[in-house]
Amino acid sequence: MNVRTALRRAGGLCAAGALGALLAGCGIRATEVPTDFGPAPSRVRCSPTGAEASARADRGVPAQVFLLCGSSLVAVDRAVRVPDGAADSRRVLVAQGLLDALSEGPSAAERQAGYDTRVPRGTTVSGPRPGDPEDALRLSTAPGDLASAGLAQVVCTLSDSAATEGDGSVILGGPGDARPRRYACTDEVRSRPDGEAPPSEAAGG
């Protein structure tokens, strides 16, 4: 299945209303995905306390990133630090802020609620090289060298943010000479991130 077909099947992610309004002026889009983990135990799995989420959102621009919980990707609130920069570099700054939030991983309270991350600490991102598509992002680790779940986190977090076109896909490359590829965040990827890697296809220059 190619990326365009996967995206047509997947549909768009639903933006959180109030959060979307906050992010509109900051150039960062929020995403969320519904989850159903069955009857809740005494402490609801994959549901950190409201105080925890609020504290996270008080330290920068509100956004959402995808962490692992159970067998799925779950959108959680984060505060993304985006330094001032030229308009043409802001996309990369946003992407780096989101990657930092992913690699930082869950807080102690979130970890107790079942959250985890597979994105390595220190992962960085840069803009396109000559000959790359203008909206390409190059990671410090080749996408194929990331764990399947970690790549799914990156793809789904970046694919509906101001770092990309917001169409449910993102063009990613690594530090080597391999051409970047377009990766899609589909329903299957969000529900089974430990399965096959996100679908991808060659990206035109």
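Structure summary
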quantity: Top-ranked residue in the stretch 173-193 [being among the small types (Gly, Ala, Ser) and in a loop (DSSP other than H, G, I, E, B); ranked as modelled with the highest pLDDT]; calculated: 174
quantity: Selection status of residue 97, among the small types (Gly, Ala, Ser) and either touching a helix residue (DSSP H, G or I) at 6+ places or on another chain (Cβ under 8 Å) or over 14 Å from residue 64 (Cα atoms) (or both); calculated: no
quantity: Test: residue in the stretch 58-80 that is at pLDDT below 80 and surrounded by 13 or more Cβ atoms within 10 Å (Cβ to Cβ); calculated: yes
quantity: Any hit, the stretch 135-143, residues being under 14 Å from residue 75 (Cα atoms) and in a helix (DSSP H, G or I); calculated: no
quantity: Answer residue from the stretch 106-132, given it is touching an Asp or Glu at 6+ places or on another chain (Cβ under 7 Å) and part of a loop (DSSP other than H, G, I, E, B) and is most open to solvent (accessible area, probe 1.4 Å) among those; calculated: 128
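The values are calculated or read from the model by the stated rules, or taken from the named source; none is laboratory data. Not measured: the values here are computed from a predicted model. For neighbour counting, all protein chains shown are included, and Cβ atoms are generated from backbone atoms with ideal geometry for every residue, glycine included. Ligands, DNA and RNA are stripped out before the accessible areas are found, and what is left, the full protein with its side chains, is counted by its heavy atoms. Shrake-Rupley method; radii C 1.70, N 1.55, O 1.52, S 1.80 Å.
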